[in-house]
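Okay, structure first, notes after.
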Amino acid sequence: MPELRAVTATVAALALAAPVLAGCGDTGKATSGEGAGTLSVFAAASLTEPFTALARTFESTHPGVKVRFNFAGSSTLARQITQGAPVDVFAAASPATMRPVVDAGRVPGGRTAVFARNRLVIAVPKDGPARVRSLGDLAGPGLKVVLCARQVPCGAAAVKSLDAAGVRVRPVSQEQDVKAVLTKVRMGEADAGLVYRSDAGSAAAQVRGIEFPEAAKAINDYPIAALSEAPQPRLAADFVRLVQSGQGRAALTQAGFEAP
Amino acid sequence: MTAGGRAAGHVAVRPPLILLLPALLGLAFLVLPLAGLLVRAPWSTLGTRLAEPQVLEALRLSLVTATLATVVCLLLGVPLAWVLARVPFPGARLVRALVTVPLVLPPVVGGVALLLVLGRRGLVGQWLDSAFGITLPFTTAGVVLAETFVAMPFLVISVEGALRAADPRYEEAAATLGAGRWTIFRRVTLPLVAPGIAAGAVLCWARALGEFGATITFAGNFPGRTQTMPLAVYLALETDPQAAIVLSLVLLAVSVLVLAALRDRWVNSP
């Protein structure tokens with residue numbers, strides 16, 4: 001899509017330059033020894049905690065290897081990859097955001113694997129008034145609710161579960177990503193928000209996550225793929241295997257994700 | 001420009017290549033991305049896309065909030081600039097530095113800072129909430145505040161510079177003629193630095209129009225209430241890059257028009 005390229009060229013050029021340059025510097029000096037080098041992983045922002053933990057494991061079993069992450073919104077990452085960023089592994093927060101990368105021929109054989117699932121919970125400030133117990137309560141008058149904008153995966157999931165429950169919510173804000181929703185709840189500016197269970201878990205000190213049955217209607221699948229033209233194809237395959245292993249599953253479950 | 005300036009300009013007709021080349025590269029770097037927007041814009045569907053209510057709403061909100069923010073900046077920033085330029089006090093250097101901090105601060109940090117002070121649980125905000133029932137986040141007023149925070153330094157710097165450059169003898173003459181301090185400020189100082197104030201206000205307005213980080217952090221994103229053009233561009237990019245180009249074009253056109261029309265007039269003329 002030429003338009004897509006045009007936008008990325010102008011908007012993401014600077015964002016791209018940093019990791020690319022960083023990558024160049026590192027591969028340059030990491031030529032010592034078998035399998036050494038820098039593994040470049042682009043991953044959805046919600047994977048920050050478990051993937052950072054897994055990277056430490058990976059680095060300890062692959063001496064001399066450094067895992068370098070680019071955590072951001074999945075669609076932003078997909079744009080950077082289709083734009084030609086030298087990436088080894090891509091883990092997206094939804095199949096829809098993985099698709100452009102597959103369509104661009106960056107996934108060998110188009111084979112992606114779902115390695116985790118995430119469901120929405122209602123996040124409320126821990127010290128806030130306990131007026132919210134179910135999804136229906138979000139429609140209550142005077143309640144400040146924030147949701148993700150429907151353009152981003154968590155917003156699409158929120159719309160789906162609210163529709164499934166037949167609840168009409170008027171949010172005070174439609175945030176640009178799930179972490180922004182979490183921040184507003186965390187700081188007590190919002191009375192409630194819909195975030196992934198993993199996000200609520202990462203802020204367990206300030207935020208309480210309330211599960212609701214309608215979340216089952218909008219479960220998010222997280223696909224992962226080792227990319228073609230990867231600078232480190234063998235390391236890429238190893239990292240994908242680690243994420244799918246029992247160890248990877250444990251890290252993800254601990255962070256609030258579900259096994260596929 | 002003076003005659004001397006023109007003579008110097010004559011010599012510079014043949015600029016050394018070592019200066020010209022990086023100058024041209026610099027210009028290309030700044031202008032090419034903007035040209036990219038023009039080249040890739042979906043011109044055939046531009047009209048219908050611009051007429052979409054969401055676009056008009058975001059544009060209207062942007063124009064209104066940027067203008068209100070500029071008014072607030074004028075009301076607070078001109079007196080601030082006057083104090084900085086005319087009143088010697090200990091710690092003036094530090095205050096001047098603090099005033100310009102929002103220029104270099106990442107706007108998101110500005111938004112967080114605003115939340116911590118003016119948010120519902122903020123230092124001042126919780127009192128506003130309990131005493132008057134006023135909460136600022138997620139409101140249009142919140143957008144104006146975020147834009148004011150980021151844009152005011154532009155005004156203060158311009159006005160302070162103008163005040164320092166203004167000849168103090170006019171004010172002294174007015175004083176010897178028996179004019180009060182307020183009268184002097186109103187009738188002598190203000191007209192004297194009016195071009196500086198206008199230039200500052202234009203820059204301030206343009207900066208407020210483009211504000212993104214502090215706005216989305218402090219005021220959130222809700223169409224018609226807090227979704228300004230930059231926020232609309234960011235979200236459009238997630239799903240509809242063509243729409244993002246269209247929105248960017250509008251923002252670009254408005255900014256360039258205003259800067260070209262007013263900045264030349266006020267900044268370049270003495």
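Counting only residues that are aliphatic (A, V, I, L, M) and at the interface with another protein chain (Cβ under 10 Å from one of its Cβ atoms), region A:176-197 holds 4 of them.
Here the condition is being open to solvent by 50 Å² or more (accessible area, probe 1.4 Å) and within 30 Å of residue A:230 (Cα to Cα); of A:129, A:108, it holds for A:108 alone. Entry remark, region A:149-175: residues being at the interface with chain B (Cβ under 10 Å from one of its Cβ atoms) and crowded, with 23+ Cβ neighbours inside 10 Å number 9 in total. If you go through region B:200-226 and pick out every residue that is within 27 Å of residue B:261 (Cβ to Cβ) and open to solvent by 10 Å² or more (accessible area, probe 1.4 Å), you end up with 8. A single entry from B:49, B:86 fulfils the requirement of being open to solvent by 40 Å² or more (accessible area, probe 1.4 Å), in contact (Cβ under 8 Å) with a residue 12 or more places away in the chain, within 14 Å of chain A (Cβ to nearest Cβ) and more than 20 Å from the chain's Cα centre (by Cα): B:49. Kindly provide the set of residues from region A:35-85 that are over 10 Å from the mean Cα position of the chain (by Cα) and part of a loop (DSSP other than H, G, I, E, B), ordered by number. Those that are over 10 Å from the mean Cα position of the chain (by Cα) and part of a loop (DSSP other than H, G, I, E, B): A:35, A:36, A:62, A:63, A:64, A:83, A:84, A:85. Checked against (1) more than 17 Å from the chain's Cα centre (by Cα); (2) not in a strand (DSSP E or B), residue A:193 meets all criteria but (2).
For residues that are within 14 Å of chain A (Cβ to nearest Cβ), open to solvent by less than 20 Å² (accessible area, probe 1.4 Å) and assigned to a helix (DSSP H, G or I), tally how many sit in region B:137-165. Number satisfying all stated conditions: 3.
Condition check ((1) touching a Phe, Trp or Tyr at 6+ places or on another chain (Cβ under 8 Å); (2) among the charged types (D, E, K, R); (3) within 22 Å of residue A:159 (Cβ to Cβ)) across all residues:
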| position | (1), (2), (3) |
| --- | --- |
| A:73 | no, no, yes |
| A:77 | yes, no, no |
| A:80 | yes, no, no |
| A:111 | no, yes, no |
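Residue A:230 falls short on exactly one of the conditions (1) touching a residue at least 12 places away in the same chain (Cβ under 8 Å); (2) assigned by TED's automatic domain parsing to the domain that holds residue A:99; (3) open to solvent by 20 Å² or more (accessible area, probe 1.4 Å), and that condition is (3).
The values are calculated or read from the model by the stated rules, or taken from the named source; none is laboratory data. This structure is a prediction, so every number in the text was calculated from the model and none was measured. With ideal geometry, Cβ positions are generated from the backbone for all residues, glycine too; neighbour counts draw on all protein chains shown. Calculation scope for accessible area: heavy atoms of the full protein, side chains included, ligands and nucleic acids excluded. Shrake-Rupley method; radii C 1.70, N 1.55, O 1.52, S 1.80 Å.
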